[in-house]
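Undergrad: One structure, pasted below without further comment.
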Amino acid sequence: MESSRNLTVRFYFGVMLRNMFAVAFMVCGALAQDSATPRSSTPGVNAPSATSSATSVSLPVDLKPDATGAVPPEQIRELLRRAEEKDLENDRRLRDYTYIEREERHHLDNRGEVKKVESRTSEILEIYGEPVERLTAKDDQPLASDEAEKEDDKIQKIIDKRKKESEEERRKRLAKEEKEHEDDRKFVLEIANAFNFRLVGSEAIEGHDTWVIEGEPRPGYEAKNREARILSKFKGRVWIDKTEEQLVKLDVVAIDTISFGLVLARIHKGTHAVIEMTKVNDEVWLPKHVQFHVDARVALFKNYDEDIEQSFRDYRKFRTDTKITVVGEENRQ
């Protein structure tokens with residue numbers, strides 16, 4: 001969101017969390033390869049026949065043990081690659097939806113006991129192709145009239161800014177977004193070498209039969225770029241739907257302390273996240289629930305020791321289900 005980009009302590013905290021969740025989602029995409037790169041068949045992977053057309057749907061990957069009793073890593077990597085491709089598509093389709101996000105923070109004292117609880121509820125809108133947060137409640141109470149007015153003013157300023165955007169400004173903005181996307185892909189390509197993956201079993205989650213895959217840092221791995229150095233600091237487990245090859249659940253933990261930025265900002269060992277997805281409109285998988293513990297320090301003056309829960313609900317497809325009027329914006333399409 002816009003506020004997380006401010007050059008404040010919250011910014012650095014947000015950077016740390018984004019890095020943590022970047023690793024979390026990347027674990028499920030170990031071999032996300034460029035779609036233009038041809039792929040050879042992998043033993044044990046149900047690939048389309050040579051006569052299949054480009055539009056044919058591949059059969060689901062069936063993870064089968066080899067003669068040693070272990071599932072070949074090539075099979076697991078193919079499944080992960082497909083899950084990552086679909087997760088990228090889910091992220092793109094999320095832009096077609098509005099939804100409600102509620103975040104609850106449990107601030108902990110030095111004994112690990114809750115000293116304060118805060119919550120925020122927001123409506124997530126899509127304005128000119130960008131997600132924008134409009135705060136609607138604090139501690140489950142509607143905003144006061146002056147606070148609600150400020151939120152509306154914020155939305156209107158974003159609308160006005162995009163309306164006045166020149167072609168050159170738009171070009172630069174899109175180029176920046178494309179560069180960030182390419183940087184993300186380069187990060188993903190590192191993961192194939194950074195982790196060892198293994199199948200640990202199967203599990204039913206809300207009626208979905210899933211493969212359970214575990215990833216741990218590969219000993220001796222040396223990152224090719226600076227951002228990927230943090231990969232060795234995480235391990236995780238991912239649940240992937242056997243039929244749809246979609247990410248259903250993910251559990252990631254920091255196994256060492258991680259430092260960020262020009263100021264002294266750290267995520268401590270034990271920082272933990274669990275992410276659950278849900279199927280929406282029988283067409284897309286979107287976030288349902290996120291739960292994580294953060295033990296972090298920023299500079300020399302601020303510690304964060306918090307249990308945080310985020311829930312996502314009321315997904316509505318913007319282009320077909322809803323028509324949102326925001327501060328005079330009468331006919332958004």
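The numbers here are math on the coordinates, done by the rules we state, and not lab data. All values derive from a computational prediction rather than experimental measurement. Don't worry about glycine lacking a Cβ; one is built from the backbone with ideal geometry, like all the others, and counts go over all protein chains shown.
Undergrad: Shape of segment 48-171 from its Cα gyration tensor (a ≥ b ≥ c, root eigenvalues): rounded if a/c is under 1.5, otherwise prolate when a/b > b/c, or oblate?
TA: Numbers: a/c = 3.69, a/b = 1.53, b/c = 2.41.
Verdict is oblate for segment 48-171.
Undergrad: If you take the beta carbon distance between K176 and A204 as r and set R0 to 45 Å, what does 1/(1 + (r/R0)^6) give as a FRET efficiency, to the nearest 0.05?
TA: On the way: r = 43 Å, r/R0 = 0.95.
Efficiency for this residue pair is about 0.60.
Undergrad: Give me F318, F234 ranked fewest to most by other Cβ atoms within 10 Å of their Cβ, as a rough exposure proxy. Let's see the in-between values first.
TA: Values: F318 18, F234 27.
Taking fewest neighbouring Cβ atoms as first place, the list is F318, F234.
Undergrad: Sort V284, V114, V132 by Cβ crowding within 10 Å, fewest neighbours at the top. Provide the component values of the computation, followed by the final result.
TA: Numbers: V284 21, V114 11, V132 18.
Fewest to most other Cβ atoms nearby, the residues stand as V114, V132, V284.
Undergrad: Using only Cα positions of segment 119-187, each an equal point scatterer, no hydration layer, compute I(q)/I(0) via Debye at q = 0.26 Å⁻¹ and quote the log10 values to two decimals.
TA: -1.10
Undergrad: A further question follows. Which ordering of K116, K86 is given by a fewest-first count of other beta-carbon atoms within 10 Å?
TA: Details: K116 10, K86 20.
Neighbour counts put them in this order, fewest first: K116, K86.
Undergrad: Does segment 164-246 come out rounded, prolate or oblate, given a ≥ b ≥ c as the square roots of the eigenvalues of its C-alpha gyration tensor, rounded meaning a/c under 1.5 and, failing that, prolate meaning a/b above b/c?
TA: Working: a/c = 4.19, a/b = 1.54, b/c = 2.73.
Since a/c reaches 1.5 but b/c is at least a/b, the shape of segment 164-246 is classed as oblate.
Undergrad: Separate question: So how far, in whole Å, is the C-alpha centre of segment 82-142 from the one of segment 156-231?
TA: After rounding, the separation between the Cα centres reads 18 Å.
Undergrad: Considering only Cα-Cα distances, which of the following residue pairs are longer than 28 Å: K179/K224; K116/K235; K115/K157? Walk me through the numbers on the way to the answer.
TA: On the way: K179/K224 18 Å; K116/K235 30 Å; K115/K157 37 Å.
Correct reply: K116/K235; K115/K157.
Undergrad: Along the principal axes of its C-alpha atoms, what lengths does segment 76-117 span, in descending order and rounded to whole Å?
TA: That works out to 44, 32, 8 Å along the principal axes.
Undergrad: May I pose another question? Just subtract the alpha-carbon distance of K163 and A144 from 0.36 nm times their residue separation and send over the number in nm, one decimal. Numbers along the way, then the final one.
TA: Working: separation 19, 0.36 × 19 = 6.84 nm, distance 2.89 nm.
Full extension of this stretch gives 3.9 nm more.
Undergrad: So for each of 221-229, 246-254 I average, over its residues, the number of other beta carbons within 10 Å; can you give me the resulting order with the highest mean first?
TA: Top of the packing list down: 246-254, 221-229.
Undergrad: Over the C-alpha atoms of segment 98-237, what are the Rg and the largest Cα-to-Cα span, Dmax, in Å?
TA: Rg and Dmax of segment 98-237, Cα atoms, are 21.7, 57 Å.
Undergrad: How much of the calculated P(r) for segment 209-248 lies past 13 Å, in percent of all Cα pairs? The partial results should precede the final answer.
TA: Details: 466 of 780 pairs.
Summing the P(r) tail past 13 Å for segment 209-248 gives 60 percent.
Undergrad: OK, next. Out of all DSSP beta bridges in segment 66-137, what portion is antiparallel? Express it as a percent rounded to 5. The partial results should precede the final answer.
TA: Details: 17 of 17 bridges.
DSSP beta bridges in segment 66-137 are roughly 100 percent antiparallel.
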